[in-house]
1. So is Glu416 in a helix (DSSP H, G or I) and either out of contact with any Leu (no Cβ under 9 Å at 6 or more places or on another chain) or surrounded by 15 or more Cβ atoms within 10 Å (Cβ to Cβ) (or both) or not?
2. Out of all the residues in the stretch 261-284, which are more than 20 Å from His234 (Cα to Cα) and open to solvent by less than 20 Å² (accessible area, probe 1.4 Å)?
3. Out of Leu385, Leu403, report the one residue that is modelled with pLDDT under 95, in a strand (DSSP E or B) and within 26 Å of Glu126 (Cβ to Cβ).
4. Can you find, within the stretch 520-543, the residue that is farthest from Ile571 (Cα to Cα) among those that are touching a Leu at 6+ places or on another chain (Cβ under 9 Å) and assigned to a loop (DSSP other than H, G, I, E, B)?
5. From the list Glu127, Glu103, exactly one residue is at negative phi, acidic (Asp, Glu) and open to solvent by 40 Å² or more (accessible area, probe 1.4 Å). Which is it?
6. I'm trying to understand the selection: among the residues of the stretch 1-40, which are assigned to a loop (DSSP other than H, G, I, E, B) and more than 20 Å from the chain's Cα centre (by Cα)?
7. Those residues that are open to solvent by 10 Å² or more (accessible area, probe 1.4 Å) and in a loop (DSSP other than H, G, I, E, B), I need them from the stretch 59-74; list them, please.
8. Kindly list, by first and then second residue, each pair from a residue in the stretch 13-25 that is more than 19 Å from Asp247 (Cβ to Cβ) to a residue that is hydroxyl-bearing (Ser, Thr, Tyr) and buried (at least 19 other Cβ atoms within 10 Å of the Cβ), limited to pairs with Cβ atoms under 8 Å and residues at least 6 apart or on different chains.
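The values are calculated or read from the model by the stated rules, or taken from the named source; none is laboratory data. Because the structure is predicted, anything quoted here is derived from the model rather than measured. Cβ atoms come from the backbone with ideal geometry, glycine included; neighbour counts cover every protein chain shown. For the accessible areas, the whole protein counts, side chains as well, though only heavy atoms, and no ligand, DNA or RNA atoms are used. Shrake-Rupley method; radii C 1.70, N 1.55, O 1.52, S 1.80 Å.
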Amino acid sequence: VCLSDNPSKPCFILFFKGVRIMLDCGLDIKQIMHYVPLLVVPGYVSSWAGKIVHELKDCGGRLLVDAVPEFAIPAVSIVDLSTLDAILISSYNCMLALPYITEYTGFRGTIYMTEPTLHLGRQYMEELVKYVERNPKTNIASHWKQDFIFRNLPAPLRDAILPSQWKKLYTQHDVDSALSKVKLVGFSEKLDIFGALTVTASSSGYCIGSCNWVINSKFEKICYVAGTSTLTTHPRPVDQTPLKNADILILSCLTQTPLSLPDAMIGEFCVNAAVTVKNGGNVLVPCYASGVTFDLFECLSGHLEQCGLSGVPMYFLSPVSDSTLAYSNIFAEWLSPVKQSKVFLPECPFPHADVSNGSGSSSSSSSSSSSSSSSSSNFHTPCILFTGHPSLRMGDVVHFIELWGGSSANTIIFTEPDFPHLDALAPFLPLAMRVCYCPIDTSLNFSQANKLIRELRPLHLVVSGTYTRPPVLEPIELMQSLFMEPSPLTYKQGDVLSLPIKRQFETVQMEPELADTLEPIEVKQGAAVSMVTAELVARDNKYILKPLPKEAKLLGKRRPDGSLLWRKPYIFGSPGIHVIVDTLKQHGFSSLKVEESEQGAIIHLVKEDSLIQVDGASTHIKCDNEEVRLRLRDVMLRCLKQL
C-alpha cells in the first residue's frame, strides 16, 4: 500500500506472512511553498508585506497562505496504523513524518533504524520544530481549503495536493516520544519479526547510516531500495550483494535532477562561490543540517585554497549545527574507507572539525535563537553562509535574504533539489542578488538504476509510475526512465498492489519423540521417505510436528488383532525385469519366457497360460484363472516398496 504522493519521500505498508511493516515515513515539506515565509525577527517589516484577504496574502504577484504552516503527511487513513508491527527507516531524510504515525494512530510496534539515522534524524526534526516555534503564528487557515474557494484560486495555489489533509507540525514532545520507540540496528544484523520474517539492513551509500532493507522468509525475499548512491562520497559504499536475486525489488528515491550530474554541479557551485567572494560579495547557501552539506564544506574549502581565498570564512548557521557537525565526526564506522582511515591516524574524518577548532580560516556557528542585524554584524564579510531552510519559508535564510538581497554583489546558490528555486524565491522578488541553481542529488539516476537492476536480477520490480515515463520536457530522453522485463509494477498514492509472490513452502520442525518413531525407507541414494501421523502446531509463525495426544490415539482405527490402523500402505517403485523373474521363480513359476523390447518386456508364463507386460510406467497381468491372477498380484507387490 502506497501512502505517499512523492516518490522521494516514500511511505509504504507491506503485508507479508501475516506481518504488517511500514517502509519509511517521509514528510513532503514541498507544500510549505504555498505559505508566507516565517519571520526570524519579531516585528521586522518584510519586503513581502501585502494585503491579507481571507487568510491569503499577495506576495510579489503570487497568492500565499498567511498562517501556521502545514505539511502533507502520509495518507494515514487508508490503513489502521495501530496494527503495524514494525517500521523500517532507510535514512534520516525518510523519517520526518514519524511522530504523525507513532503518536496519533495508536501505534504499538517497533521502529528499526541505524544509530546515525536516529541522531541525525532527531536533529532534522528538532530543527523543523525550532524554525516553526521560535516566532510562531497563531492563526490556522482553513477557509481557503473549502472546495468552492480552492477551485477558483490562481495557480500554483490551486494545484496544491489535498490541502484538507495537511497537518500542523508536531512538537518537541512528540519527537522525543516517537524516537523512544526506536531499536538500533547495524549493517548485516539479522532481526527476527515475530518468527515470520527476518529483516537485514545493508549500506546504501547515500548518507551516513542510510540503508536498504532485505526482508526474508524461509523461501521468499523482498528487497526495499531507497536513497541509494553508487558515487564515492563520505558515507560507507553501497553493498549490493544482499540485494541480489530477490523475488520482489521495491525501488524509490531516485534522483530528482536526472539531467544534472553531481560532480559538475559541485564544480559549478565552487566556482560561483569563489567568484562572488573574490569580488567582495557574500554567498548564501540554503541547505539542510547534514547530508551533501558535509561534502560541500570539503570541496569548497579545497577550491578556495587553490584560488588563494583560504582566508574567506565559512559559517554554518542552524539551531542544530553544533550537534550535527559533532555527530558526523564520531560515526567513523559508518563512513567510507578513506574517512575511516583518518580516524586511526588520528585525524578528524571531515575538514570542518579542524575548521571549527580554529586550525583553519573558516568557522561554524550555531544559532538557537532569533538572528538580528546586530548578530549578523558578527559575521566577517565577505563570507560564505550555509543556513536553513532550503524552502526559504522558515529559518535564518529568510533574514539573510532580506539583509543581502538588495546587493548585486551577493549570490544565493541553491543546491538542494527538493524545492523549485524560482518558486522559493517568489515572495522575495524583485531581488538584486545573483541567483545560481546547482542542484546536487547523489541518488541513483535512471542510467545507474537500470544498471543496478540488471546486476541485482530481481524477478519483479515495483516502482513509482513517474519512473517509467520520461520527463515531460525531455520526452526523447530514453535514459530518463526505468526498463525491465517483465514490465515493472507501478504505484501512486492510495494504490494497493498485489505483489506476484506466492508462499509455496514452510519450514516445519519435528519433536525428537516423534522423530524416534519414524522408519524411513530409502527411495534413491541419499533420499529416504517415511509416513508420519502427528499433530501440527502453529504458533508465532512457527510450525512444529508433535506426537498425537493419547486421546487422539484412542479414537484411531484398529486391526483385528487390536493394533492401531492409522493408514493404508503406499506402494511405490520401478522393479527391473530380472527382479520380477527371480521373484516369480521363488514362488513356483518356473516355465518363463522373456521378450524384451524398447518399450519394456513381456513375461510369458507357459504352464499357466498367462502374460505379464511391463513398461516404464505400468504393469499389466493377463490371466484367465482367478487363483493364478491373485498369486501373480502378490508376487508383483513383493517386488515393490511400500510405506
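1. It is false that Glu416 is in a helix (DSSP H, G or I) and either out of contact with any Leu (no Cβ under 9 Å at 6 or more places or on another chain) or surrounded by 15 or more Cβ atoms within 10 Å (Cβ to Cβ) (or both).
2. Selection gives Ala273, Ala274, Thr276, Val277, Gly281, Asn282, Val283, Leu284.
3. Leu385
4. Applying the filter and picking the extreme gives Asn541.
5. Residue meeting the stated conditions: Glu103.
6. Hits for the stretch 1-40 are Val36, Pro37, Leu38, Leu39, Val40.
7. Once the filter is applied, which keeps residues that are open to solvent by 10 Å² or more (accessible area, probe 1.4 Å) and in a loop (DSSP other than H, G, I, E, B), the stretch 59-74 yields Gly60, Gly61, Asp66, Val68, Ile73.
8. Asp24/Ser90; Asp24/Ser252; Cys25/Tyr100
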